[in-house]
1. Being in a loop (DSSP other than H, G, I, E, B) and among the basic types (Lys, Arg) is the filter here; which residues of segment 53-90 pass it?
2. Quick one: would you say Ala86 is more than 12 Å from the chain's Cα centre (by Cα), modelled with pLDDT of 95 or more, buried (at least 17 other Cβ atoms within 10 Å of the Cβ) and hydrophobic (A, V, I, L, M, F, W, C)?
3. In segment 37-52, is there at least one residue being assigned to a helix (DSSP H, G or I) and at pLDDT 95 or above?
4. Have a look at Asp28, Asp92, Asp69, Asp15 and point out the one that is modelled with pLDDT of 95 or more and surrounded by fewer than 12 Cβ atoms within 10 Å (Cβ to Cβ).
5. Return the pair list, or none, for Cβ contacts closer than 9 Å from residues in segment 19-45 that are more than 21 Å from Ala86 (Cβ to Cβ) and in contact (Cβ under 8 Å) with a residue 12 or more places away in the chain to residues that are acidic (Asp, Glu) and in a helix (DSSP H, G or I), at least 6 apart or on different chains.
Amino acid sequence: MSSAELIRVLMNVWDQVLETLRNQLDSDEFRRWFAETSYASDAGDQVTVWVPSQSAARHLGVHYQHLIDAAFAEVDRPEVHVRFIATGIGEDEDAQEE
């Protein structure tokens, strides 16, 4: 097994998806929408990911779901459902935007 393959095995599935997305998106776009996400849990058919706000969760689902689904397929998890959970960080910003 190569060192790159070993690193991929040791990463959680969300980190693997993020690596795939990082290679597909502009660095500013990736940083804006994905840098503050983090792995919460993996129940086999569902991966839970922490996001900073409910509006970020909505935005990821509306604008990036197709890329996220493709990235899960690329890491051999094509049937997984991703669930975004808002941590509440950044909620004040959301209220000001509305």
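1. Within segment 53-90, just Arg77 meets the criteria.
2. For Ala86, the condition - more than 12 Å from the chain's Cα centre (by Cα), modelled with pLDDT of 95 or more, buried (at least 17 other Cβ atoms within 10 Å of the Cβ) and hydrophobic (A, V, I, L, M, F, W, C) - is met.
3. So far as segment 37-52 goes, no, none of its residues is assigned to a helix (DSSP H, G or I) and at pLDDT 95 or above.
4. Numbers: Asp92 fails: modelled with pLDDT of 95 or more; Asp69 fails: surrounded by fewer than 12 Cβ atoms within 10 Å (Cβ to Cβ); Asp15 fails: surrounded by fewer than 12 Cβ atoms within 10 Å (Cβ to Cβ).
On inspection, the qualifying residue turns out to be Asp28.
5. Pairs that qualify, where the first residue is more than 21 Å from Ala86 (Cβ to Cβ) and in contact (Cβ under 8 Å) with a residue 12 or more places away in the chain and the partner is acidic (Asp, Glu) and in a helix (DSSP H, G or I), are Thr20/Glu74.
The values are calculated or read from the model by the stated rules, or taken from the named source; none is laboratory data. Everything numeric here is computed off the predicted structure, so don't read it as measured data. Reconstructed Cβ throughout: ideal geometry from the backbone, glycine too, with neighbour counts over all protein chains shown.
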